[in-house]
Amino acid sequence: MDRGALFSGLPSPCARRPAVQYWILSGMRVHLFDNFDDLAPWADHWDRLAAGVPFRSWTWATTWWRHYGEQVAGRRLFVLGVFDHRNILIGLAPWYLEGDGRRNRVIRFFGSGEVCSDYLSLLAEPGLKKAVVGALAHRLLRSTNPGNENNDNPARWDMLELTGIDSRDVLVDWLAGHLALGGCTVHHQMGPPCRRTELPRTLETYLRSLSKNSRRRAHRLKRDLLDSGRAELSTVANLGELDLAMDRFIELHQRRQRMLNRSGCFASPRFTAFHRDVAARMLVAGQLRLHTLWIDRRPAATEYQFLGNGVVYAYQSGVDPMRLDLQPGHAMQLAMLTWAINNGYRAYDFLRGDESYKSHWNAERRDSMEIRVIANRPAAQLRHAVWVAGTEAKRWIRRGLHHIRSPWE
């Protein structure tokens, strides 16, 4: 929906801007960072504000920029840092800007695109979230003032295109609300859902929470493979083991995808290079686990995970398509949940995708949202109107085709 329509009865944007409640604290300032050299001294502060979510971390953002930002024409940093009166970093908007330099300048989160980062958000001190969001909104709205159309202004933007956001994320929603009150158009739509299961303290308690069929299969796999000695789990412990394990993981993932007549995400050289790079950095930071399940001393399944704040984030997996009779994917999933519970993790997140197997493991749906905020500028508003019309036309065509029946039916 276009939330901007909810404010259509208000006065003109210029008249209503002073009434916006920004919750800005005295002495706060917002600084635009346009290179990582200036940001590097604040890396530890960045990670503290990221609160353990790996896709918000300094390592993820800077590695993504190295592979997807620096090498792409028209992209530049647009990181907004919020500082208090003591010059302490209390908030961040981890963004980059893409455009041709003169028009259609679009702001996005680091990690957007084919990397499929989830739980992206603004970063803020827990007790200062409203103040940080208010300061960011104030800074963004300054460049939408009538007459501020200078194409050389580095702070000028035409659209925020924010994806990978948890639907329960209040910071991005607050920001969109501020910008809507400031005269911008806001468009919400649902994104791909994630699934997460909360973990109890014991495996027995967890297994009792499963459906009867899932519990029966788990007990069988545990008895026949995991407890019998046929299956063994290995985990990368150091950088010396990482390259070979990554080779094995990528090979199993791609073989399974090819069997399903899909290209597989690692068919992209840039995607592969990014993950080889970020895996090494995350391993050093203690936020990576790469597991291999060996059945009868042969690799049958692999799982590539990130860790943070008591949560296991299951990013990607691979299985040997020639050994599906052993159900290596289910066996690996059981081994992973067992490992997470035994190591005291509070949740296991399957990340985006609503595949049916996730619900078998008692994983609850977590909706995501995508938000487009259009600056109060005629050209930007016109481009958005064209985009909305095209989106609605495609939806109408799909709906019509769905109802068309074949004459032979």
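Where a number appears in this text, it was derived from the coordinates with a stated rule and is not lab data. Just so you know, these numbers come straight off a predicted model, no measurement behind them. For neighbour counting, all protein chains shown are included, and Cβ atoms are generated from backbone atoms with ideal geometry for every residue, glycine included.
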Computed about the Cα centre, the charge dipole of the stretch 200-345 from +1 Lys/Arg and -1 Asp/Glu charges at the Cβ has a magnitude in debye, to the nearest 20, of 580
Straight-line reach from Lys130: which aspartates and glutamates have Cα under 14 Å away, leaving out those fewer than 8 places along the same chain?
Asp84, Asp169, Asp173
Starting from the Cα gyration tensor of the stretch 200-345, take the square roots of the eigenvalues, sort them a ≥ b ≥ c, and report rounded, prolate or oblate (rounded when a/c is under 1.5, otherwise prolate if a/b is larger than b/c, else oblate).
oblate
Net charge (Lys, Arg +1; Asp, Glu -1) of residues whose beta-carbon lies under 15 Å from that of Leu334, Leu334 excluded, is +4
For Lys358, list the aspartates and glutamates whose Cα falls under 20 Å from its own Cα; do not include residues on the same chain fewer than 8 positions away.
Asp118, Asp166, Glu198, Glu204, Glu303, Asp320, Asp325, Asp349, Asp367
When all alpha-carbon pairs of the stretch 77-222 are counted, what percent fall beyond 21 Å?
56
Nothing charged except the Cβ atoms of Lys and Arg (+1) and of Asp and Glu (-1): what's the magnitude of the dipole of the stretch 297-368 about its Cα centre? Round to the nearest 20 debye.
180
